[in-house]
Amino acid sequence: MTASIISERLGISKPTLSSHLRTLREAGLVVPKRAGVRIHYRVDKRALLEGVSGVLLLAGLDAAIPAVGRYDMEKGEGPRGARL
């Protein structure tokens, strides 16, 4: 999805979105891909799942994660067959 579409859907200015996208890129949560003159952004699902799993683990709520959605932080992988 392009920055223009994201800013329209969220109702925020492009400079504000640019700042947020930079932070998300630096954190590895968003991946940019150039397509001609446009840049399309996508969520890195593996990084997002790792982050959510880590927060739940730290909060002692890791039992709340269904086994199918668990992310093995030590191995760096999701469940077999899962599309992350």
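Key figures
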{"quantity": "Which listed residue, of ASP44, ASP62, is at pLDDT below 80 and not aliphatic (A, V, I, L, M)", "calculated": "ASP62"}
{"quantity": "Residue list for the stretch 28-49, restricted to those being surrounded by 10 or more Cβ atoms within 10 Å (Cβ to Cβ) and touching a strand residue (DSSP E or B) at 6+ places or on another chain (Cβ under 8 Å)", "calculated": "LEU29, VAL30, VAL31, PRO32, ARG38, ILE39, HIS40, TYR41, ARG42, VAL43, ASP44"}
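The values are calculated or read from the model by the stated rules, or taken from the named source; none is laboratory data. Note that the structure is predicted; figures quoted are calculated from it, not measured. Using ideal geometry, Cβ is built from the backbone for each residue, glycine included, and neighbour counts are taken over all protein chains shown.
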